[in-house]
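Every read-out reported here was derived from the displayed coordinates using simple, explicitly stated rules and does not represent laboratory data. Everything numeric here is computed off the predicted structure, so don't read it as measured data. In this analysis, Cβ positions are derived from the backbone assuming ideal geometry, glycine residues included, and neighbour counts consider all displayed protein chains.
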Amino acid sequence: MKVSELFTKTSKTAPADEVAKNAQLLIRAGFVHKEMAGVYTFLPLGLRVLENICTIIREEMDAVGGQELKLTTLQDPEIWKKTGRWDDEAVDVWFKTKLKNESELGLGPTHEEPLVRAVQPFVNSYKDLPFLAYQIQTKFRNETRAKSGVMRGREFLMKDMYSFARTQQEHDELYEKIKQAYFRIFERLGIGEQTFLTFASGGMFSQYSHEFQTITEAGEDTIYVDRAKKIAVNEEVYNDEVLAELGLDRNTLETVRAAEVGNIFTLKDKFSKPLDLVFTDEGGKEQAVLMGCYGVGPSRLVGVITELLADEKGLVWPEAIAPFTVYLAVLGDNSDNNHVRKVADELYSELTSNGVGVLYDDRDVRPGEKFADADLTGIPYRIVVSDKTVAASSYEVKKRTEAQPELMNKDQVLKMVQS
C-alpha cells in the first residue's frame, strides 16, 4: 500500500466529543470513523488490525476443535420467548424492529438460542457429541451510555463459542481446553503479561465464571490481582470467603482498573432444556445437552490494546496485529528519475515480494510529517531511504518503541522484518 493512494488521512486533532484515548488516537490515525455514539466504521488500516486479531482468535479456536459458522443478525422472537429472554425486563439491551407486516424482529445481542435451534436437527445420539461451534459476528446492544470508544459499542464484533457436552466431566474438559486457548490468544496479541484470569460471579450455574481482564486505567472494572499466581478477583465477589477458597492473601493483592477482554462460563442446561436440545445416552435414556459459552471481543480488543500500549506519539501495535510491518519513507526529490526514489521503490518491491507488509510513504511532504505519521500509525518498523542512506549503501531503521535509528544493509533489514 502506498500512502499516496490511501484515501484516509491522519489528523492532528480528534473530535471534541471523544473522551476515550483509544477513539481519539484511532480517529486521528485514520483507523476508524465515528458514525455515532458507540458506532464506528473500521477504515482500511483499522480493518487490517481487526482482521489480524480475528485471525489469531480463529486459529486458536480451530486448534481446539471449534467449527466456525455464521448465525443471522435478525432474530425470531419466538425462540427467545421460550427461554424468557425476549422481554426487555430480562434483557435490557435489545434493539427491536418491525417488518412491513408489523411482525417484530430483534437484532442479536448474543446467540445462544438461535445456535441451539440450528444444531438441534443434528443432535440425537450420544455419538453426536461433544462438539464446539463458534462465530465471529456483529452484535447489537442498546447500551445506555457508550463513551469508551471502540471498547464499548452499540454495534461491535464478537467471537462467541459454545460447547455441547454429554456429561459434566466432558464439559469441564472442554472448558479447560478453551481457557488455555484464551491464554494463548492474549499472549499472541501482545497483552498476555497484563491480562489475568479473573474470578467473577457464576450466577445460578456455578460458583464462579471466569473473565479475562486486562489492566488499564480506561477499564470499567476494579479487580484485585495476585501477580505471582497470575489470577485476580472481580470486585463483585471480593470477600474473605472467596479469598480463602482461592488461597489468596488480601495483603498481597493489588487493586487495579481493568477492562474485560474475554469471558467463559458454564450454562449447564439453561438453554438446552427449554429448547429441547436432548440426546439419547448409551443406556437409551434421554438427557439434556450441557453447554458452555466463551466470548472474546475483537473490536473491543482494538481499543484495549490502544489504551494499554499507545504512547505520547501515537499508536503502538504488536507485530502480530499491526496493519503493516514496515513504514517505508522516502525523503527528498520525488521525481521518477531520482536515484533515491528508485532505491526506495526497489526495497518496497523486494520487501513485498518476500511477504512483508509495507506502507510506503511516497508523498512529496516534509520528512517531519512522514516521521510523525509513522509514529502515529504505530507500525512496528520505520525504514528511511534518503541521500545519506543511499550514499552509505544502507537504510535507516527504527523500531516504533525505540528512540534512536540505526543503519542496516539490505540483508540485515530482510532478516529483521522477517524474523
Ranked packing of 244-255, 137-148, most packed first, by mean Cβ within 10 Å: 137-148, 244-255
Three principal axis lengths of segment 321-419 [C-alpha, angstrom, descending]: 35, 27, 23
Give me the distance between the Cα centres of segment 345-385 and segment 301-324, rounded to whole Å. 17 Å
I need the trypsin sites (Lys or Arg not before Pro) found in segment 8-90, filtered to DSSP loop residues with at most 14 other beta carbons within 10 Å of theirs. K9, K12, K70
What is the Cα centroid distance between segment 1-79 and segment 241-288, reported in whole angstrom? 29 Å
Given charges at Cβ of Lys, Arg, Asp, Glu: segment 8-309 dipole, positive-most of P298, A14, L69: A14
When the chain is modelled as a GNM with alpha-carbon springs shorter than 10 Å, which of T83, T13, T55 fluctuates the most? T13
Remind me, what semi-axes does segment 54-107 give for its equivalent ellipsoid, largest first in whole Å, using sqrt of 5 times each Cα gyration tensor eigenvalue? 31, 14, 10
Cα-based Debye curve of segment 1-98 sampled at q = 0.13, 0.17, 0.25 Å⁻¹ gives log₁₀ I(q)/I(0) of -0.78, -0.99, -1.17
Apply the Karplus parameterisation 6.51 cos²θ - 1.76 cosθ + 1.60, with θ equal to phi minus 60°, to every residue of segment 131-142 and state each ³J(HN,Hα) to the nearest whole Hz, in sequence, with x for glycine and proline. 7, 10, 10, 8, 9, 10, 8, 6, 10, 10, 9, 7
Percent of all alpha-carbon pairs of segment 8-309 at distances over 29 Å, whole number, is 40 percent
The chain, Gaussian network, Cα under 10 Å: of E155, E173, E113, the residue fluctuating most is E173
Among P109, P77, P298: highest mean-square fluctuation, GNM of the chain, C-alpha pairs under 10 Å: P77
